[in-house]
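Before any comments, here is the structure.
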Amino acid sequence: MPKVPTRSGRVFLREVSADGYSLAEERERRLARPRSRRATTAETGLQLPLSPDHSASKAWWVLSPADDEFLTQSLEVHFRELPPGEANTTHGHQNEALFYWLEGTGYDEHDGERFAWTAGDAVFVPVDTVHAHVNSSQQERAVAVVIKAKSAWMYLGLLSQGPVEPWSQEKAKGYGDRLDWAQMWTPGLAGGKTVIRCAELPWQVTEHALERDITSSNQTDHRNSSVDLAALRIPAGGWSSKHLHTADEVLFVLSGHGHVRQWDTRHEIADRYYARVSEEHTDWDFGPGDLVHVPTSTAHQIFADGGGQVELLSAKNRLFAALGYRGVLTLEPSSDMTAGS
């Protein structure tokens, strides 16, 4: 069995610095790095300190600000595995987390309330929530891919996290009575959906691909404010549109084989900002369990190879939209998507 790589510390937020005003060199360094991460397991994946954990629960990283081949910190991605009948340690953190359960059946406990989930469900852990994830099966493991925009909270100084540790009378000296922290949440947040049954969502033909909109700013009934998540389906032998948006994108492959073609762009600052798309491209092959990163402002197109259709999860940090970058520029149309609907 291969040795699991580990690191003694954890990087929550990565510095961006330069000798002068321009960050062109930093941009070039990021674009020069490999953009695909192959499917990993608990035995081969990178282990970093995560939440306080039960010894039986396992977690391993795919995408992180700590990566030596650093790609992004707009999103973090790791896996969580719960052996049969096990749970991780109850804990809390101020940032949201999105769990897409790939295998298993179980439930979450959030502030004492139970939420059942099964494979194919998306589960939101809201801000400032004391929670645990529980595998209710005594025979089968449960595995989730976990997507967070955690670095945004770190940048804003929202650093409170840790295991359950109620204050003793001694520690509480000098402080007043308890106040419900949730009173500071956005009104209506607590009433939103925590579990999305993705299999019940319809597939819709869009100009880019066949899509299931799992969570986005268009949906105001979900307890999720930071990650936009969609399922994409490309029919066998087909391709998505070639398109361009500012937000970088994480593509996690649920099934099928193919490649993501990418064209880097450069900005031109003249009388206004212009984008220039490279005539050259790179291809990033993928299979089940792989992850492909699309850097910010990069034109890209997904192709289904290998004789079968492809299904992927597409995740973006919603902060880009809040900063004024909602637009999508379509450069070439997709193939016929009705074949996969």
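Where a number appears in this text, it was derived from the coordinates with a stated rule and is not lab data. This structure is a prediction, so every number in the text was calculated from the model and none was measured. Every residue, glycine as well, gets a Cβ built from its backbone with ideal geometry; the counts of neighbours run over all protein chains shown.
Could you size up the charge dipole of the range 234-341 around its Cα centre, putting +1 on the beta carbon of Lys and Arg and -1 on that of Asp and Glu, and report it in debye to the nearest 20?
Charge dipole of the range 234-341: 460 debye, to the nearest 20.
Work out which chymotrypsin sites (Phe, Trp or Tyr not before Pro) in the chain are exposed loop sites (DSSP not H, G, I, E or B, at most 16 other Cβ within 10 Å) and give the longest gap free of them.
Longest run free of exposed loop sites: 204-324.
Test of the criteria: in the range 160-246, which trypsin sites (Lys or Arg not before Pro) are in a DSSP loop and have at most 13 other Cβ atoms within 10 angstrom of their Cβ?
When the trypsin sites (Lys or Arg not before Pro) of the range 160-246 are filtered for loop state and at most 13 Cβ neighbours within 10 Å, Lys173, Arg178 remain.
Taking mean projected area of the Cα convex hull in nm² as the quantity of interest, determine which of [x] 17.7; [y] 16.6; [z] 21.0 was computed from the displayed structure.
Checking each listed value against the structure points to [z].
Between Leu46, Leu331, Leu156, find the one with the highest GNM mean-square fluctuation for the chain; connect C-alpha pairs within less than 10 Å.
Taking springs between Cα atoms under 10 Å, the residue moving most is Leu156.
Would you work out the relative contact order for the range 223-341, in percent, from Cα pairs under 8 angstrom that are 6 or more residues apart?
It rounds to 47 percent for the range 223-341.
First select every other residue whose beta carbon is under 13 angstrom from the beta carbon of Leu98; then total the charges, Lys and Arg +1, Asp and Glu -1.
It works out to a net charge of +2.
Counting other Cβ atoms within 10 Å, keep those with at most 11, restrict to DSSP loop, and tell me which GluC sites (Glu not before Pro) in the range 59-155 are left.
Within the range 59-155, the qualifying GluC sites (Glu not before Pro) (loop, at most 11 other Cβ atoms within 10 Å) are Glu69.
Once the other residues with Cβ under 13 Å from the Cβ of Leu31 are scored (Lys, Arg +1; Asp, Glu -1), what is the net sum?
Summing Lys/Arg as +1 and Asp/Glu as -1 gives -1.
For the chain, modelled as a Gaussian network with Cα springs under 10 Å, which listed residue fluctuates most, Val123, Val277, Val62?
Val277
For the range 257-341, just say rounded, prolate or oblate: build the C-alpha gyration tensor, square-root its eigenvalues into a ≥ b ≥ c, call rounded for a/c under 1.5, and beyond that prolate if a/b exceeds b/c, oblate if not.
Prolate is the answer for the range 257-341, as a/c is 1.5 or above and a/b outweighs b/c.
With the chain treated as a Gaussian network of Cα nodes joined by springs under 10 Å, which of Ala230, Ala18, Ala275 yields the largest mean-square fluctuation?
Of Ala230, Ala18, Ala275, the Gaussian network model singles out Ala18 as fluctuating most.
Classify the range 206-266: rounded, prolate or oblate, from the alpha-carbon gyration tensor (a ≥ b ≥ c, eigenvalue square roots; a/c under 1.5 rounded; otherwise prolate if a/b is larger than b/c)?
oblate
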